[in-house]
Structures are given as C-alpha cells and as structure tokens.
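Read the structure below first, then the notes.
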Amino acid sequence: MQRLKKERKAPYEKPSIGIGMQKGFGLQNIGWATLLRGGPIIALLLLVVYFSLASPHFATISNLKNIGEQNAYLIILAVGQTMVIIGAGIDLSVGAVMAVSASVMAVLATQNVTILGMSVGPVHASVAMIIGLLVGALAGAVNGIVIAKGRIPDFVATLGMMEAARGVALLVTGGLPIPSHFTATELKGYLPEAIIWTGGKYFLGIPTGPLIALVVVVIGWLILSQTILGRSMYAVGGNKEASRVSGLKVDRIKISIYIIMGMMGAVAGIVLTGRMNSANALMATGVELKCIAAVVIGGTNLFGGEGTVVGSLIGAVIMGVLGNGLNILNVSAFWQRVVIGLVIMAVVVFDQWRRRRFGT
Amino acid sequence: MKIFSGTYMKDSGRIIIQGQEVEIEDPHHAKDLGIGMVYQELSLINSLSVAENIFLGRFPRKRSGTIHWSRLYREAYNLFDDFNVHVNPRQRVSTLGMAERQLVEIAKALSINVRVLLLDEPTSALSNEERNRLFEIIRHLQKRGVGVVYVSHRLDEVQQIGQKVTVLRDGKKVGTLSVEEVDEDTLIKMMVGRELQEQFPKEEVNLGHELLRVENINIVGKLDDISLTLHEGEVLGISGLMGAGRTEFARALFGIDKIDSGRVFIEGNEVSISSPWDAIELGLGYLTENRRNGLVPRLSVSANITLASLGQVRRAGFLHHRTERNLAQKYIKQLTIHTSGLGQKVEFLSGGNQQKVALAKWICSRSKIMIFDEPTRGIDVGSKTEVFKLMSELVKRGVGIIMISSELQEVLAIADRIIVMCRGAITAELKRGTATREDILKYAVIGGE
C-alpha cells in the first residue's frame, strides 16, 4: 500500500551555493553570502542602525564594551545550546548548571570546607575553576546518560536536572551569596583575582568576558564544522535512525554533546561570577530560555540537523543589543520584554519564510 | 482503494453507488456516502479509549455542549454487541492486541452506517483463530446487506470469504471471476501475467569462497530458523510478500534488531553483531528499504556519502574537507549522481539520485557484504538499470550481495540464487535459470505445502 509522501519540494532546482551547510562545513560557513542571506544579520544591522540614530549614547566604545560584557555568558551558553539543538535535543538545565558550578568554585576558592572528613581549602583559584568545570561536565554527563541510556526525552531529563542542580547549588552555598562576610576566611570576603579577571577585567584592551566568549565561539565552530564529532551531531539530529544504520554510536554522541554543554555552562558561570564578583545559588535564572531564543534567532532548526554557531552568536548579540538599546532609550523594563518577545517571533517567522521561499 | 475512500483523487472514471454517479472529494465525503474503509496500517490513536477512537470527531454531546460520555460508551458497546464481540469500550487502544485493534477499526468503519466496507489486508497481523472470527463478522455484515471489498494476497482467504474475485496487476485489472471458477493456480497465473520487456544487465561472475553463513537465526514471532550462505561475487535474492520477514532478517543481520538465537559466520569465523557499528566494521553494508531511514535529508550529498566511513576522512582528529570532497566527487562521478554540487542537500535530490547517494555510502565504506532492501523501489527505470549495472560492478569485485526485492522479474534476472520467505521462514531456495515466477509466488503465498 502506497503511503502518502510528504516531501518538501524545492521551488528552485538549483539552490544557490553558500548558504549554511550547503558548501560543506568549511570556511565558507562564515562567508558574507551566508550571513547576508539570513534574517538574523539583517535584523541585527537594522537594530544597530536604529539605536545609533535614536541615541548618541548607543554607538560609543564604552557602551559596545558594556553590551559585550553583559552578554558574554549568553553567547557561551548559546554555543553549547546550538550543539544540543543541532543534535535534536534541548537543554533546560543550563542556568542551574551555571549556578551550581559557579557556586562550587566560589565556595572552594573562599572557604574552608570539610569533605569526607578532610578539611579542604580555600584552594587556589585555578583548582577551583577546574573543579567548577568538572562539576559542569558531570551535570552534562548525567543529562546525556539519562537521555541516551534511559531513553527519556531531552526536555524531561534536563527539566529534572534544572531543579536538582539548583538544589545542589543551594546546599553548597547554604543559600548565601559567595563570598559572604559570614563564611569567607582568609580571603576576607573577596574572590581570588583570577576569577574576577575572567569576567571583569581587560586583556590587551579587550574586556575578558567577551574575549572568553569569542574563544568559546571558535571552539564551538571548530567542533561543529571541523570534527567527526561535529558532523555526527548534525547526522544524529537530522536522522537518528539513518545515523545508527550508518554505524554512528548515537548514544555516545548524545552524551558528548551534553558534556560539552555542561562544560560551557560552567565557563559561563565562571565568567558571570567574575563579572558580579560573587556567585550565588539563584544566579542566572531564566537564562535557558534566553539562550534557546538566541539559538533559534540564529537560524538553527529546533528539530535538529541544521544550524551554525555563528548564527547563534548573532542571535545572542541581537538579544543583547535589544536590551541595551531599549534601556538607553529609556523604555520601561516591562515594555522591553514585550518588544524582545515580538522580535524573537518576527525573526523566526522571517527565517521560516526565507527557508520555504528559497528552499534552503 | 484510496480513490474509493477519498484519500486520493481519481484522474478519470466514474463511481456509481446505488445507481447514482458520485464524485468522492475527500475521506469525509466518502463516509457520508456510506463507504467505510479499514486500513492496512491501523489508523487508531493508541492513547485514547476504544469508544473515543470509534467516534472520533463525532462524539455524542449533551445539550450543554460537553461530551455525553455515558452515551459514547453505550453506543460503542452496542456496536460490538451486534457482532457478539466483546471489547471493552473504555479500554485504551494501546493495551489491545492486534486482532482487537482490527475489530475496533472495523467497528469504527461500521459506526457510520456503511453500505460498502473496504478491507485492506485485514488479516496480515491476525492469527488463524482471529481470522476466523473476522470472517464471521464479515458474513454477518453480508447478511445485513453491506457490500464488502476484501483485498488480500493470501489466496486461500479468497475462497473462504469471497464470492467474486478481481485480480489487479501493475495498476490494471486482469479479470473478474466467480470464486467457484478459480483455484490457486489460476489466480497465480493471473497475478504473474506475461513477461515485460525490460533490460536487466547481468554478467556471469565466478563465485569465490564463502563470505557469509547464517545459521538458524530466530526472533520469536518474526523470524523462524533462517539459515543461508553468501559467496564472493554472488547475488542472493530474497523474495516474498510484504511482511514475510525479509526486512526483519536484514535488520537482525545488520545488528539493528536483537536476535533470540542463531549464529553468524563471516569468511568462516563466527562473529557477534550487536550493533550496526559492529556490522560495518565486519564489512557489511545495508541499503535500507525506506530511503528515509538511510539518509540524513538535511545534510549535504558529500556528508551523506561519507557518513558510514568517517574514519576515512579523519586527519589528526579533524575532519579533512579536501579528502571528503575528493571521495564524494569520485562516487558522484562513478554513480552519475545528478546534483548541483557536493553541498546540495540530499532532500532536494530526486528519488533515483537519493538512492544512488545511499548506495555510494556503502561503496565508500568498502562493504564486502551488501544487503540491498528493495533497491529499486520508487526510482525511475533509467536509475533502475544503473543500479543493476552497479551491482554487476560490485560482484565482479568480489562483493556478495543480498538483494531483497518484491519485483519478481528483478529477482529472477539478477539473482544467482533465490530464497523465498513466507511468514518468517524460508520456504524455498531456487536456482537462477530454472526458477519461474510461478514457483516464487507459490512458495511466497502458500508456503510450499
């Protein structure tokens, strides 16, 4: 019995080359043709032009630095979330993972704690940061294993992790901001310089937060477009069954994605802690949806198999520019949320229309 | 069938119901005309109850506009009661067996006061006992004046339940006879028809040593003691009807589905294949029955070609794009894949070209043992011939091919040996040259008794 075929038809026989993954995974991915094609970059340019004309305070060096510093963590999260979504998943636990890894790091760097009967710390900043990263990786690994081996929808597993990780963060910090003058010992209530450096200092005249974000973007781009693992992520997200039949170890790939996401969450947590000079268990609430929005604005297909890190970078910057520009224009915080919501919808509607129209 | 039930529109012709010519626009309209259809692939919603499924979209309502639940269940109960069948209307469909689901499906069709009931292979999933029960219901319906169109490839059923039989082949009517006039042999002859003039390139290749030996593979309820061998340079055809277990066998051999028992030897060594990864490492390739399960549509042509051999395009831990391009280019040329470029997404290729990409994937991974599941389904004649030429090339290089196909001419022309399967078991092994279409059909339909 013949089944009704539901095939998408290309309106044009020959879609022009240079769009997204069309020309392989090489450098062409960040070619101008790619960027100009998409709605996101157009939207970003329009926003920048509008805010520059509307306010003399927008297009200043100090404000642009400010936008970068405010959104460094969001860019880092968006890179990880891009991989997750390309792999046809979704990670709701990123904010909680940020908080738990930052909290663990901050506590270890400022307090003397008792672990299994041993008195530890305060440890050196670099050790604390590495442990923070490991906490993130562990949370990601748990996500990945539960999803892949437990055959549970990504949404549900990471929803659980979102709650659990917040809980652990509260346990670790005792609900207090870290460092706090109640608990900090030798360091007298200050985080080590090295941690503050990650989010609040300058390196060769560039703010460190955005610089780290940029490094993460490059790493994300390298993984997705230049490695076998990256290719496998696209394949698994695009067609899990076909990937399995082609001999890809689907479970391992899925777990790897979530471990990378967890580590990027930890990096974001460290950067945000550096910027705020403090970590607490309730930091970064609601960022999971913000970074998913950035990824979607950036043109990544929520059903998996398609997307780019550069797109997500643009998506995150759009979110940042919008917030900042509206602030400068003195738009009330309530209206800001309405505007941001509408912009997300508009960009995605435009992008969908473009995909249908141009068949790419 | 699909035209009659309104799923497809006809291009021409007339449908006359009780003397009136009608134009069936959509499934809804068909229902209004009293045409009920029971689909081969069941169309029930597993998470809803039996009664909800039966009256889906036409729930009885109270005056307030809310659903009249008690009436819903009572009506469903009455419907079953009419036929002396006992299915609990409140039970969820997901907890029912195949036969009961079939009954629900029929009840759904009957709930709209049908005059004509279309049944498409209703017994393919039923046991003999369940089948008899279904036949009773059908006879019951006949007495009530409902006309029944019963589609089946089980010839014995035709005599059990039919009064008239129409044979269709390749979309054309071969003939309509009354059941008393025909026996199974006549039917098979009508189904086979005359030879079509098609070209199948087949070159004789000397067989090498044994590549693959499968001994007594079993999957409870699906495969029954499958044993076979495959040699270098051999094309082994597997023939049989839909649901005979051919694809199940291929999936089991390739490590996609678990086998309950049985042994597999490759070049004389016993191997254990528990995942497709193992299978590929051992030199197997599997062109899936459904291209959608074999390709990643949103990835490029080159990415799809190298998907099963990513190890070949790895340099120092990174993906080496130039190697990948060269590889892809080679196979695009070799298989004459028509694409606007390496970066073309596979979803925009024609069916024939998609199939060639899927083939290129396994040639690229240097498979020694290839399983082709319906390699020519849904592709044009030109591409078909190219696929056969390619198979010839492969066997000349010493590859062994297991070709699963429902196209009898194909199997007869291409395969060196033909294995016929019926209901999960091998019923015959036939030699090229001596086998006829009648032989294959006989073993495929009635299992050779």
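A few points about this structure:
- Across the stretch B:326-346, the number of residues qualifying as in contact (Cβ under 8 Å) with a residue 40 or more places away in the chain and open to solvent by 20 Å² or more (accessible area, probe 1.4 Å) comes to 2.
- A:Gly286 of a type outside the set (Asp, Glu) and open to solvent by 10 Å² or more (accessible area, probe 1.4 Å): yes
Quick grid of which residues meet (1) over 23 Å from B:Met37 (Cβ atoms); (2) at pLDDT below 85; (3) in a helix (DSSP H, G or I):
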| position | (1), (2), (3) |
| --- | --- |
| B:Arg74 | yes, no, yes |
| B:Phe83 | no, yes, no |
| B:His86 | yes, yes, no |
| B:Pro89 | no, no, no |
| B:Ala99 | no, yes, yes |
| B:Ile112 | no, yes, no |
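- Taken over the stretch A:233-242, the criterion of being at the interface with chain B (Cβ under 7 Å from one of its Cβ atoms) and either over 13 Å from B:Leu307 (Cβ atoms) or in contact with a helix residue (DSSP H, G or I) (Cβ under 7 Å, 6 or more places away or on another chain) (or both) is satisfied by A:Tyr234, A:Ala235, A:Glu241, A:Ala242.
- Leading residue by the ranking (most open to solvent (accessible area, probe 1.4 Å)) among those in the stretch B:125-143 that are at pLDDT below 75 and assigned to a helix (DSSP H, G or I): B:Glu129
- Of the residues in the stretch A:299-306, none is at pLDDT below 90, over 22 Å from A:Val84 (Cα atoms), assigned to a loop (DSSP other than H, G, I, E, B) and not charged (D, E, K, R).
- Scanning the stretch B:426-446 for residues that are touching a strand residue (DSSP E or B) at 6+ places or on another chain (Cβ under 7 Å) and open to solvent by 20 Å² or more (accessible area, probe 1.4 Å) turns up B:Ile426, B:Thr427, B:Glu429, B:Leu430, B:Lys431, B:Arg432, B:Asp439, B:Tyr443.
- Matching option when the condition is over 13 Å from the mean Cα position of the chain (by Cα) and at pLDDT 90 or above, among A:Ile328, A:Ile340, A:Ile314, A:Ile292: A:Ile328
- Comparison of A:Leu222, A:Leu211 shows that the only residue that is over 14 Å from A:Gly87 (Cα atoms) and away from chain B (no Cβ under 14 Å) is A:Leu211.
- All conditions but one from (1) in the same structural domain as B:Arg397 (by TED's automatic domain parsing); (2) within 30 Å of A:Lys240 (Cα to Cα); (3) of a type outside the set (Gly, Ala, Ser) apply to B:Asn290; the one that does not is (1).
- Scan the stretch A:208-246 for residues that are open to solvent by 10 Å² or more (accessible area, probe 1.4 Å), without any contact (Cβ under 8 Å) to a residue 24 or more places away in the chain and over 30 Å from A:Asn277 (Cβ atoms) and the total you get is 5.
- For first residues located in the stretch A:155-179 and farther than 24 Å from A:Thr110 by Cα, partners that are polar (S, T, N, Q) and at pLDDT 95 or above and lie 6+ apart or on another chain with Cβ distances below 7 Å form the pairs A:Ala157/A:Asn143; A:Thr158/A:Ser93; A:Thr158/A:Asn143; A:Met161/A:Ser93; A:Met161/A:Asn143; A:Met162/A:Ser93.
- Unique residue being more than 25 Å from B:Asp224 (Cβ to Cβ) and touching a Ser or Thr at 6+ places or on another chain (Cβ under 7 Å) when the list is B:Leu299, B:Leu307: B:Leu307
- Number of the exception - B:Ser340 against (1) within 7 Å of chain A (Cβ to nearest Cβ); (2) under 22 Å from B:Gly382 (Cβ atoms); (3) in contact with a strand residue (DSSP E or B) (Cβ under 8 Å, 6 or more places away or on another chain): (3)
- If only residues of the stretch B:265-308 that are of a type in the set (S, T, N, Q) and surrounded by fewer than 20 Cβ atoms within 10 Å (Cβ to Cβ) are counted, the one that is nearest to the other protein chains (Cβ to nearest Cβ) is B:Asn293.
- Pairs, first open to solvent by less than 90 Å² (accessible area, probe 1.4 Å) in the stretch B:167-188, second among the basic types (Lys, Arg), C-beta under 9 Å, six or more apart: B:Val167/B:Lys173; B:Thr176/B:Lys164; B:Leu177/B:Lys164; B:Ser178/B:Lys164; B:Val179/B:Lys164; B:Glu184/B:Lys442; B:Ile188/B:Arg437; B:Ile188/B:Lys442
- Condition check for A:Gly299: more than 28 Å from A:Val100 (Cα to Cα), out of contact with any His (no Cβ under 8 Å at 6 or more places or on another chain), open to solvent by less than 20 Å² (accessible area, probe 1.4 Å) and more than 11 Å from chain B (Cβ to nearest Cβ): yes
- Subset of the stretch B:347-381 [more than 10 Å from chain A (Cβ to nearest Cβ), open to solvent by less than 20 Å² (accessible area, probe 1.4 Å) and over 15 Å from B:Asn290 (Cα atoms)]: B:Ala360, B:Ile363, B:Cys364, B:Ser367, B:Ile369, B:Met370
- Residues located in the stretch B:51-72, provided they are open to solvent by less than 60 Å² (accessible area, probe 1.4 Å) and assigned to a helix (DSSP H, G or I): B:Ala51, B:Glu52, B:Asn53, B:Ile54, B:Leu72
- Yes/no for B:Leu44 being in contact with a helix residue (DSSP H, G or I) (Cβ under 6 Å, 6 or more places away or on another chain) and either open to solvent by 60 Å² or more (accessible area, probe 1.4 Å) or assigned to a loop (DSSP other than H, G, I, E, B) (or both): yes
The values are calculated or read from the model by the stated rules, or taken from the named source; none is laboratory data. Just so it is clear, the structure is predicted and the values come from calculations on it, not from any experiment. Here Cβ is always computed from backbone atoms with ideal geometry, including for glycine, and neighbour counts include all displayed protein chains. Surface areas here come from the heavy atoms of the whole protein model, side chains and all, with no ligands, DNA or RNA. Shrake-Rupley method; radii C 1.70, N 1.55, O 1.52, S 1.80 Å.
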